[in-house]
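Derivation of every value follows stated rules applied to the coordinates shown; laboratory data play no part. Since the model is a prediction, treat every value here as computed from it, not as a measurement. Because the Cβ atoms are built from the backbone with ideal geometry, glycine has one as well, and the counts that use them run over all protein chains shown.
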Amino acid sequence: MHKQAKKERTLIIVKPDGIQRALIGEIVGRYERVGLKLVGVKMMIPTEELIEKHYTLDPEWRMKTGLKTIKGYQDKGLVPPITDPLEITAKVLKNLISYMTKGPIVVMVWEGAHAVQIVRKLTGGTEPLTSDVGTIRGDFVLDSYSLSDGDKRAVRNLVHASGSVTEAKDEIAHWFKKEELFDYNLFMDHITYGTDLSEILGN
């Protein structure tokens, strides 16, 4: 595997509900156990501006989110409350900002082969109700879109995880300065990526 492929990075945010549920250690442990390396971490109470910028780094996010939300209603045989994608995204974003600024969050950068895809798999689908058992959201949350829509709030799903390599790069640059990220070695790296394990037995 190409050296750079082993250093793919992705962004994780433990959201306010994850902090309040005392699940930071559990969440970190899930990513550590698969072999990913933590290379950056900070705790903060984010501003509304910081959260809005995070969700709108992709100029197409508003339209894509609106269309995805509308399709989600239609796939369940429901009538969307709003049919304008941009209008429905405005409500989604308002709820996200309210949710993400209500308390401390932990922002992390994880590094390793296929980091973006691996983290998404471990984290689970956006809606906890339909997330697979064995994922963070599937194991620790009972929220759903129907509950959150009824309460006019964002779905509480513990964690944000970058959706693609490009998205991860943009999000990492948004939350971290270059000097806040660390490049270091772990013995685990050799076990994970090494081609010769003969020294384990001292041969």
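In a DSSP loop and with at most 10 other Cβ atoms within 10 Å, the trypsin sites (Lys or Arg not before Pro) in segment 49-129 are Lys76. Computed from the C-beta positions of Lys177 and Lys121, the FRET efficiency with R₀ = 45 Å rounds to 0.95.
Of the residues Thr192, Thr10, Thr65, the one with the fewest other Cβ atoms within 10 Å heads the list, and the complete ranking is Thr192, Thr65, Thr10. Here the residues Ser198, Ser146, Ser162, Ser131, ranked from fewest to most Cβ neighbours within 10 Å of their Cβ, fall in the order Ser198, Ser146, Ser131, Ser162. Each of Gln4 and Lys152 was given a label point 7 Å from its Cα along the Cα-to-Cβ line. The distance between the two points is 4.9 nm. In the chain, Cα pairs under 8 Å separated by at least six residues give a relative contact order of 34 percent. Distance between the C-alpha centres of segment 38-82 and segment 156-177: 12 Å, rounded to the whole angstrom.
Scalar couplings 3J(HN,Hα) for segment 42-54, obtained by applying the Karplus form with A = 6.51, B = -1.76, C = 1.60 to θ = phi - 60°, are 8, 10, 6, 9, x, 7, 4, 5, 5, 5, 4, 4, 4 Hz; x denotes Gly and Pro.
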